[in-house]
Amino acid sequence: MTAHESFDDRLDDDDYPAYTMGRAAAMLGTTQAFLRAIGEARLITPLRSEGGHRRYSRYQLRIAARARELVDQGTPIEAACRIIILEDQLEEAQRINAEYRRAAEASSD
């Protein structure tokens with residue numbers, strides 16, 4: 001694998017922290033203060049560059065976009081963050097339940 005292929009692989013990785021705070025805010029159409037606020041609410045935890053600057057992944061930007069959507073609808077930021085966390089927990093619980101159901105059905109056959 002060449003260095004170029006390795007770089008391309010990272011850009012395709014949803015968890016690779018490719019975006020600076022300024023770029024992330026611009027992409028979301030929000031402020032850097034909004035990104036700091038959802039970080040303080042522990043909705044997302046940006047990685048830090050060697051220089052200490054916040055870096056965001058595409059996955060984190062999708063979560064931030066969902067938070068912005070809720071806030072734009074009038075939901076307080078703390079409540080929006082809690083809603084998203086609960087939605088994520090529910091989705092995970094449903095996924096686990098589906099796995100248990102499939103395993104139970106397979107063992108009963």
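Descriptive notes on the structure:
- Per residue, the average separation of C-alpha pairs within less than 8 Å and at least 6 apart gives segment 13-108 a relative contact order of 28 percent.
- Förster-model FRET efficiency, 30 Å R0, E78 and S49, C-beta, rounded to 0.05: 0.60
- Site pair E69 and E105 shows an inter-label distance of 2.9 nm when each label is modelled 7 Å from Cα along Cα→Cβ.
- Accessible area per residue in Å² at 1.4 Å probe, computed on the chain: 69 Å²
- Stretching the chain fully between D13 and D88 yields a gain of 25.0 nm (0.36 nm per residue, less the alpha carbon separation).
- Eigen-decomposition of the gyration tensor built on the alpha-carbon atoms of the chain gives equivalent ellipsoid semi-axes of 30, 24, 10 angstrom, largest listed first.
- Rounded percent of accessible protein surface that carbon and sulfur make up, the chain, 1.4 Å probe: 50 percent
- Among the protein heavy atoms, those of E99 account for about 80 Å² of accessible surface (1.4 Å probe, every chain in place).
- In the chain, helical runs assigned H by DSSP with n ≥ 4 each contribute -39500 (n - 2.57); averaged across all residues and rounded to the nearest 500, the mean residue ellipticity at 222 nm is -22000 deg cm²/dmol.
- The order of E50, E78 by accessible area, most exposed first and with a 1.4 Å probe, is E50, E78.
The values are calculated or read from the model by the stated rules, or taken from the named source; none is laboratory data. This one's a predicted model, so the numbers in the text were calculated from it and none came from an experiment. All Cβ positions, glycine included, derive from the backbone under ideal geometry; neighbour counts span all protein chains shown. To get the accessible areas, we keep the full protein, side chains included, count just its heavy atoms, and leave off ligands, DNA and RNA. Shrake-Rupley method; radii C 1.70, N 1.55, O 1.52, S 1.80 Å.
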